[in-house]
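These notes are about the structure you will find just below.
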Amino acid sequence: MLSRTERLKRLRITLMQGGQVDGNLVNPQIAESWQRCIESGLDPRVTPPPLQIGMRELKQLRERDELTHRFAVAEMHSLYQQIAGSNFLIAFGNAEGTVLDTIADGDFQSSRPGRGIVPGAVWKESLRGTNALGTCAAGRQPLIVHGEEHFFAAYSDVSCFAAPILHSDGELAGVLDASSDCSARHSHTLALMRMAATHIENSLFLAQQEKHIVVLFHSRWELLNSVSGGLVSFDASGRLVAVNKRAREILRGISLRPGTEFDAIFDTPFDLALAEMSNSRQPTLRDGFGSRYAVHWRNRHSFEKRLPQAGKPAGADAAVGGLPPSAKPDFVANDAVVRQQLDKIARAVRFKPPFLIRGESGTGKEMLARHIHKASRRQGSFIAINCGALPEHLLEAELFGYVGGAFTGAQRTGAEGLAIAADRGTLFLDEIGDMPLSSQVALLRFLDSSEVRPVGGHQVRKVDTQIVAATNVDLEEAIATKRFREDLFYRLGVIRLELPALRDRTDFGAVLDSMLAEISPGTQIDPAAATLMAAFGWRGNMRELRSALLQLVMAAEGNRIVPPDVLDLLGHPGDGDGRETHSLRTKIGREVTEMLRSNGNNISLTARTLGVSRNTVYKYARNF
Ligand SMILES: Nc1ncnc2c1ncn2[C@@H]1O[C@H](COP(=O)(O)OP(=O)(O)OP(=O)(O)O)[C@@H](O)[C@H]1O
């Protein structure tokens, strides 16, 4: 077995005789470099004379790379402290392999090879053959060039260690090199160079991203400020601007294209993360795969204006208003429970899990399903199907399509199902709790395979569909009574969302205002009338409220809904329709007695003002 020196000697002789580089004789990085040298027309028998640029040109090059040069010099001084006494010369070279600065320790600087590594010396690989500085600049990889590995035998008495300094976009900013006598064998020197180069890269990143919000993250608190921390920067609207090398390694598998939204990388909407950062002493973030990181945020000034302003109530509006545009709902969502559901959607949607929405009839389940479709930014359509409205064979035909003549009454040509229409879009399975059992089996098969097989057919087609199901049925009870398959429940309910009943929502006033503005933009509602309405039971939820408002708008005189209109429509206590709640009775009672008091206990006047009968006023006057 040949020693390394003998292998290199043999290879050099082959090259001198015009032969080819044998990659088996030498480390691949060196073999590639020697090959490039041959292709550049270098002759291993003719060592080129040293190349040196003038002072003026050197000054210009330093000015051109001013930022990198500044950070490199600072790092070289810190490296010098670490390797003092070990006879090394540290050089910073630009992307073209020209030395811009050096710092030396011991005798090496005054030795013959040391004298060749000075500011202005050109070590470009295509001119000076394989050398750490020039070859690192050519290949953008850290490398060691020991003695005879230099293309020209004249440099066989030097060993050099070089690491590239890269901008966040992968462009080469410069090279850090340590050279010494070839007898020096320092196993840690390359690691030291790489760390120093990463320090420079991070300093460059922070300087170049000073107008952006920078997130520094690491899985361990104590290493947050070390070179192994990841750096990502975002613009003020939460779109990705730049990523450092380490962040790319840590977040491997997550798309990091410029413009990617914050919440497509981390599992929290941008504004919520900013709010947490300002409220928490040790903020953390999870990435899309669930890994948690300690986080440090830089450049506060860029985003302070985005945080909820003082005086504005914390919560609802602030959080929803701060969601990225795609995650903002088109409906009122100031209630804390509704907001939680929106946050869940914002966090989960990019993973395409099936969503199961539960809530009483009319609570806005379909609206929420449409919101999921919008937040998913899918290109295809939103397709809704009512799973409780059709007998099983028609439901399956509707969902998966059918081939011609599959059943009586089927079109001769067959038809494509809604699952195909929802390809690349969203399939909304409404009233899933009422789906016939046999169709549940077919649905389960579809969910497991994403394959659509038309009724009566054999050919399957794969689709990419976001599934959202909704129901007002108590599914646990349906499972217990064998009306709903338990496996389907778990398959559909990967992300479970609950919509509160309207009577339990804390944002009734906002819902009322927005609905009224939509139905009749010019109509106002008296605050006392709105208070009366808020106390109503609303068994039919949003749908019932909408229909009540429509009737109130039509009944209102002078474009203003007043308490009597509400009392008339929603019924008087004791009328026996049993719709109003206890709290409604209390509120109406309070309204009537207050009016009575302000009218000097004049029952007729109060009855006239409120538009109710004298009897009603008597009843309230007695009870309150
Ligand atoms: N937050 C909201 N603000 C205003 N209107 C709303 C809101 N949520 C729902 N609505 C309206 O209420 C009505 C019922 O909504 P939707 O059909 O989404 O409810 P649902 O829960 O799916 O009903 P069902 O259970 O009967 O299928 C629709 O007219 C919708 O526009």
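Can you name the number of the only condition in (1) over 40 Å from the mean Cα position of the chain (by Cα); (2) within 12 Å of Cys37 (Cβ to Cβ) that Tyr155 fails?
Result: Tyr155 passes all but (2).
Report, by residue number, each residue of the stretch 145-154 that is aromatic (Phe, Trp, Tyr) and either in contact with a strand residue (DSSP E or B) (Cβ under 7 Å, 6 or more places away or on another chain) or surrounded by fewer than 23 Cβ atoms within 10 Å (Cβ to Cβ) (or both). I'd like the intermediate steps shown before the answer.
Let us first name the residues in the stretch 145-154 that are aromatic (Phe, Trp, Tyr), namely 151-152.
Across the stretch 145-154, the qualifying residue is only Phe152.
Test Ala333 against the stated conditions and say whether it is surrounded by 19 or more Cβ atoms within 10 Å (Cβ to Cβ), among the small types (Gly, Ala, Ser), farther than 22 Å from Arg483 by Cα and more than 8 Å from the ligand (Cβ to nearest atom). Spell out how you get there, then give the answer.
Values: surrounded by 19 or more Cβ atoms within 10 Å (Cβ to Cβ): yes; among the small types (Gly, Ala, Ser): yes; farther than 22 Å from Arg483 by Cα: yes; more than 8 Å from the ligand (Cβ to nearest atom): no.
No; evaluated as a whole, the condition is false for this residue.
Anything in the stretch 360-371 that is in contact (Cβ under 8 Å) with a residue 60 or more places away in the chain and surrounded by 20 or more Cβ atoms within 10 Å (Cβ to Cβ)? List them, or say none.
Matches in the stretch 360-371: Gly362, Thr363, Gly364, Lys365, Leu368, Ala369.
Restricting the search to the stretch 504-515, which residues are near the ligand (Cβ under 10 Å from one of its atoms) and either at pLDDT below 90 or buried (at least 18 other Cβ atoms within 10 Å of the Cβ) (or both)?
Arg505, Asp507, Val511, Leu512, Met515
Looking at the stretch 198-224 only, could you name the residues that are among the hydrophobic types (A, V, I, L, M, F, W, C) and touching a residue at least 60 places away in the same chain (Cβ under 8 Å)?
Across the stretch 198-224, the qualifying residues are Ile200, Leu204, Leu206, Ala207, Ile213, Val214, Val215, Leu216, Phe217, Trp221, Leu224.
Sort through Val612, Val617, Val566 and tell me the only one that's more than 16 Å from the ligand (Cβ to nearest atom), at pLDDT 75 or above, crowded, with 18+ Cβ neighbours inside 10 Å and of a type outside the set (Phe, Trp, Tyr).
Working: Val612 fails: at pLDDT 75 or above; Val617 fails: at pLDDT 75 or above.
Matching residue, one of Val612, Val617, Val566: Val566.
Results for (1) modelled with pLDDT under 90; (2) in contact with a helix residue (DSSP H, G or I) (Cβ under 8 Å, 6 or more places away or on another chain), shown as yes or no for each residue.
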| site | (1), (2) |
| --- | --- |
| Pro325 | yes, no |
| Val332 | no, yes |
| Val349 | yes, yes |
| Glu360 | no, yes |
| Arg370 | no, no |
| Ala375 | no, yes |
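I need the full set of residues from the stretch 175-192 which are in a strand (DSSP E or B) and not charged (D, E, K, R), in order please.
Initial filter on the stretch 175-192 (in a strand (DSSP E or B)): 175-181.
The answer is Val175, Leu176, Ala178, Ser179, Ser180.
Could you list, ordered by first residue, the pairs with Cβ atoms under 6 Å in which the first is in the stretch 86-103 and under 11 Å from Thr68 (Cβ atoms) and the second is of a type in the set (Lys, Arg), at least 6 apart or interchain?
Here the result reads Leu100/Arg62, each pair linking the stretch 86-103 to a residue that is of a type in the set (Lys, Arg).
Consider Gly311 carefully, then state whether it is surrounded by fewer than 11 Cβ atoms within 10 Å (Cβ to Cβ), in a loop (DSSP other than H, G, I, E, B) and modelled with pLDDT of 90 or more.
No.
Quick one: in the stretch 535-551, which of the residues that are without any contact (Cβ under 8 Å) to a residue 40 or more places away in the chain and part of a helix (DSSP H, G or I) is farthest from the ligand (Cβ to nearest atom)?
Top of the filtered list is Gln551.
Tally the residues that are over 23 Å from Gly288 (Cβ atoms) and within 16 Å of the ligand (Cβ to nearest atom), restricting the search to the stretch 353-406.
Count: 20.
Rundown of residues vs (1) farther than 18 Å from His167 by Cα; (2) of a type in the set (Gly, Ala, Ser); (3) part of a strand (DSSP E or B), yes/no style:
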{"position": "Arg194", "(1), (2), (3)": "no, no, no"}
{"position": "Thr198", "(1), (2), (3)": "no, no, no"}
{"position": "Ala207", "(1), (2), (3)": "no, yes, no"}
{"position": "Glu210", "(1), (2), (3)": "no, no, no"}
{"position": "Val214", "(1), (2), (3)": "no, no, yes"}
{"position": "Glu222", "(1), (2), (3)": "yes, no, no"}
{"position": "Leu240", "(1), (2), (3)": "no, no, yes"}
{"position": "Gly253", "(1), (2), (3)": "yes, yes, no"}
{"position": "Arg286", "(1), (2), (3)": "yes, no, yes"}
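Please tell me if Pro521 is within 40 Å of the chain's Cα centre (by Cα), more than 10 Å from the ligand (Cβ to nearest atom) and not small (Gly, Ala, Ser).
So Pro521 passes the test.
Somewhere in the stretch 363-374, is a residue part of a helix (DSSP H, G or I), farther than 19 Å from Gln466 by Cβ and in contact with a strand residue (DSSP E or B) (Cβ under 9 Å, 6 or more places away or on another chain)?
Among the residues of the stretch 363-374, not one is part of a helix (DSSP H, G or I), farther than 19 Å from Gln466 by Cβ and in contact with a strand residue (DSSP E or B) (Cβ under 9 Å, 6 or more places away or on another chain), which makes the answer no.
Only one residue in Phe489, Phe508 is within 33 Å of the chain's Cα centre (by Cα) and farther than 25 Å from Asp330 by Cα. Which one?
Only one candidate qualifies: Phe489.
Going by the structure shown, is Arg347 away from the ligand (no atom under 16 Å from the Cβ), touching a residue at least 60 places away in the same chain (Cβ under 8 Å) and outside the structural domain of Leu492 (by TED's automatic domain parsing)?
Here the answer is yes, as Arg347 does meet what is asked.
Show the residue pairs that are 6+ apart or on different chains and have beta-carbon atoms under 7 Å apart, the first residue being within the stretch 489-503 and closer than 23 Å to Ala442 by Cβ, the second being at pLDDT below 95 and of a type in the set (D, E, K, R).
Pairs found: Ile495/Lys344.
The values are calculated or read from the model by the stated rules, or taken from the named source; none is laboratory data. Treat the numbers as computed from the prediction; the structure is a model and nothing was measured. Every residue, glycine as well, gets a Cβ built from its backbone with ideal geometry; the counts of neighbours run over all protein chains shown.
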